[in-house]
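One structure is given below, encoded as C-alpha cells.
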Amino acid sequence: MLAILTDQPTTTVSDADLPERVRTVMDTIKRPARVRPFVWVPVTLLVAVGVVVSYAIHMPLNPMLLTFLVLIFGAVGAAGVIRPKDDPPYHQIDFADALALAQYRRQPTIPASARLRLNPPTGQKDLHKPIAEPPAKRITGQRAKRIAEVHAALAELDQEWLEYELDLRAWFLTKPQLRNSDDPAVAAYRDAYVTLRDKAAELTDSATESQIDDAQRAARTALKTWHDANALALERGVNDLSPSEEAALSRLYGLVSQLNDRSTPKAMWPHLITVITRTMDKLTTVPFTLDYIAGLPVIEAESRLQELAPGSFRAARHSHSVSQTDHTATGHTPWAN
C-alpha cells in the first residue's frame, strides 16, 4: 500500500499503462523468504551425524525415528522462514485494491498553496465571512448607544415619578416622604436628577467622550438615589409625621379619590374641592399643590377644578405655590421647597 502511495510515476503514466505500472510496483516489493542460517546449519549437521553414527554401529534406523526427525526438520525449517527486520509490517493488498488506490491518487487535488491561503485573493469576496464595519462607523454607533442609554435612564425616572403621582395610595399613605425635600435621601435624588437632566441636554452629535462619560455617571447616580429614596419612603410611610399631618393625609386620600371618581355627582365637586383646599393647609412636611390634583386623569379630563370659583382657585394656587424644580418637560413637579 505504501509503495503505491509513494510511487511518483503512478500519477504521471497514462490510463492504459497504469495497470502495468501497478504490477511492476507490486513485483518489486515482493521478496523471497529467507531462512535463518544459524538454525538450518546446526539442525542439518545434527541429522547427518545421527545417520552416520547409526550406520557405523550397525544400528538399524527405526522408521518412527526417521519420521520424527523429518517432522523436526520440517518444523524448524518452517520456523526459520522469517520476515526481514528491515521490512515494515505494512498491510498487504491485492492487485485490484492497488489499482483502485493508484486511480484515486490520480484524481486532481487542491494545490497546497491554495489550501494554506487563509484569505481570498484581493478583489474576491468571502460570502461566508461577515463584513466588518469601518472603525469610524463602529465608533459612531457606540457613541449613539451610550447617549441613548443616558436618555433612557432619564425617561425611566420620569416614568417612575409619573406612576407615583397616579397612585393615590402611594402619594398620600405609603410614600408621602418622597415629597419631603428636607429628607437627605430625597434631597440627594433631587440633586442627582437635576444633574442628569442637565447632562443629558448637553449630549448633542458633537458631544465629547468626556461629556458622555459624565452623563453616564450622572445616570447611574440618579437611578441609585431614586431607588434609595423610594425604598426609604416606603419603609417610613407616615410614621415620622405629626398626628395632624398623618390624619390630614388620610382624609385627603379619601377626598381626592372621591373627586377623581367618575361616579361622583357633579353637585359634590365644589364641596370636595373646598374641603381639599382647607385640609392641604395642615401639610407642612410633605406638601403638594392643586396642580397635582389637576393632573389626575378624571379631574383633568372633566376639568373638575374649574367648579371652584376662579378667584378662589387662583388664591389657593398662590397660597400653596412655591419655588419648584420641574421633574419633566410636561410639568410634573416632584418636590416643593
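Quick one: would you say residue 189 is over 30 Å from residue 140 (Cβ atoms) and either surrounded by 17 or more Cβ atoms within 10 Å (Cβ to Cβ) or not assigned by TED's automatic domain parsing to the domain that holds residue 269 (or both)? When the stated conditions are applied, residue 189 passes them. Kindly indicate whether any position in the stretch 267-290 is under 50 Å from the mean Cα position of the chain (by Cα) and either surrounded by fewer than 16 Cβ atoms within 10 Å (Cβ to Cβ) or farther than 21 Å from residue 181 by Cβ (or both). Within the stretch 267-290, not a single residue is under 50 Å from the mean Cα position of the chain (by Cα) and either surrounded by fewer than 16 Cβ atoms within 10 Å (Cβ to Cβ) or farther than 21 Å from residue 181 by Cβ (or both).
Taken together, the criteria place residue 248 among residues that are surrounded by 18 or more Cβ atoms within 10 Å (Cβ to Cβ), over 35 Å from the mean Cα position of the chain (by Cα) and without any contact (Cβ under 8 Å) to a residue 60 or more places away in the chain.
In the stretch 209-228, the count of residues that are more than 26 Å from residue 296 (Cα to Cα), out of contact with any strand residue (DSSP E or B) (no Cβ under 9 Å at 6 or more places or on another chain), outside any helix (DSSP H, G or I) and assigned by TED's automatic domain parsing to the domain that holds residue 149 is zero. Taken together, the criteria place residue 232 among residues that are assigned by TED's automatic domain parsing to the domain that holds residue 168, among the aliphatic types (A, V, I, L, M) and at pLDDT 95 or above.
The values are calculated or read from the model by the stated rules, or taken from the named source; none is laboratory data. Quick caveat: nothing in here was measured; it's all calculated off a predicted structure. Neighbour counts are summed over all protein chains in view; Cβ atoms, including those assigned to glycine, are modelled from backbone coordinates with ideal geometry.
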